[in-house]
Amino acid sequence: MEAKLLLNAQCVLAESPTWLEDPGCYLWVDIEKGHLYRLIPEESGVKKWSFPHRLSLVVPDGKGNYILALDARLAVFDPNTEKFDWLCDIENDKPENRCNDGACDSQGRLWVGTMSTKFTAHAGALYCVEKDLSVKKKVEDVSISNGICWSLDHKTMYFIDSPTREIKAFAYEASTGKIEFIKVVVNVPEELGTPDGMCMDQNGKLWIAHYGGFGVYQWDPETGEKLDKIEVPAPHVTSCAFGGKDGKQLLITTAQENMSPEMLDQYPLSGGVFICDMPVSGAKVFGVQF
């Protein structure tokens with residue numbers, strides 16, 4: 001399969017692709033520029049908001065607002081009125097850290113990871129933000145917290161700490177949010193790049209963006225086998241999410257960071273956002289319930 005360009009956004013570090021059913025739009029962020037994008041496929045142009053912070057995550061709250069991870073804090077943003085309010089701190093004891101990837105579980109909790117802006121090893125963690133905005137640390141000694149998703153029966157959580165090149169499985173209790181490490185289910189070979197963002201399809205297979213790997217790869221968490229690849233004309237593929245009116249499109253984000261001028265000349269669509277028509281739809285995705 002091959003991805004096609006949706007928008008030549010020229011992002012430094014596009015991330016957090018999200019499909020919003022109402023009004024039927026794609027969202028994503030450019031972390032380093034602090035930009036939030038909204039694109040409605042049937043309309044021309046794209047809406048962009050700017051924030052004076054690193055912006056790593058956008059999640060709908062089901063009330064028309066967006067929950068944003070800005071530096072190491074969460075905020076709520078109303079895209080219609082542009083009203084903005086801070087919600088809570090994720091990490092206030094590590095000023096060099098920022099939030100990175102995140103996802104909501106079936107109970108409306110927000111799971112969000114952190115990392116050092118100086119890429120210090122083991123400086124981050126994975127947190128769970130409860131519906132009352134209490135913040136609980138779940139996994140320690142994380143270097144670059146990335147993809148998070150759940151099995152179709154919501155009994156397993158999958159998590160990526162990118163430099164390990166591993167996708168780890170945790171036993172997950174929906175009622176309490178308790179997790180317990182089970183095993184590594186996928187090891188990504190170095191020649192395929194580094195695993196980054198991740199989502200799950202309705203057949204229980206993982207689709208993982210490979211930073212430095214020119215694509216999104218399908219992996220089987222039961223066997224650890226690589227099943228398929230979506231070719232992307234940019235080396236640094238950062239994340240992916242199912243969406244579209246029928247749920248059978250994959251929105252794919254990429255980055256320009258860590259590329260020489262020569263590489264940017266060779267891959268000029270880097271930093272763009274891509275779309276791929278899929279043979280399968282995605283697993284149900286949940287919104288935050290704060």
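Readers should treat all values here as calculations from the given coordinates under stated rules, not as data from a laboratory. All values derive from a computational prediction rather than experimental measurement. Ideal geometry is used to build each Cβ from the backbone, glycine not excepted, and the neighbour counts take in all protein chains shown.
Structural remarks
- Spherically averaged projected area in nm², based on the convex hull that wraps the Cα atoms of the chain: 13.8
- Across region 73-159, the fraction of Cα-Cα pairs farther apart than 21 Å, rounded to a whole number, is 34%.
- Packing-based ranking of 101-108, 188-195, 79-86, 272-279 yields 101-108, 272-279, 188-195, 79-86, ordered from highest to lowest mean Cβ neighbour count within 10 Å.
- For trypsin sites (Lys or Arg not before Pro), the sites in region 236-290 that DSSP calls loop and that have at most 14 other Cβ atoms within 10 Å are Lys245, Lys284.
- Positive contributions from Lys and Arg (+1) and negative ones from Asp and Glu (-1), summed over other residues with Cβ under 15 Å from the Cβ of Gln289, come out at 0.
- Most mobile listed residue (Ser260, Ser145, Ser239) in the chain, GNM with C-alpha springs under 10 Å: Ser260
- Measuring between alpha carbons in the structure, the pairs from Lys136/Lys205; Lys33/Lys229; Lys131/Lys229 lying more than 32 angstrom apart are Lys131/Lys229.
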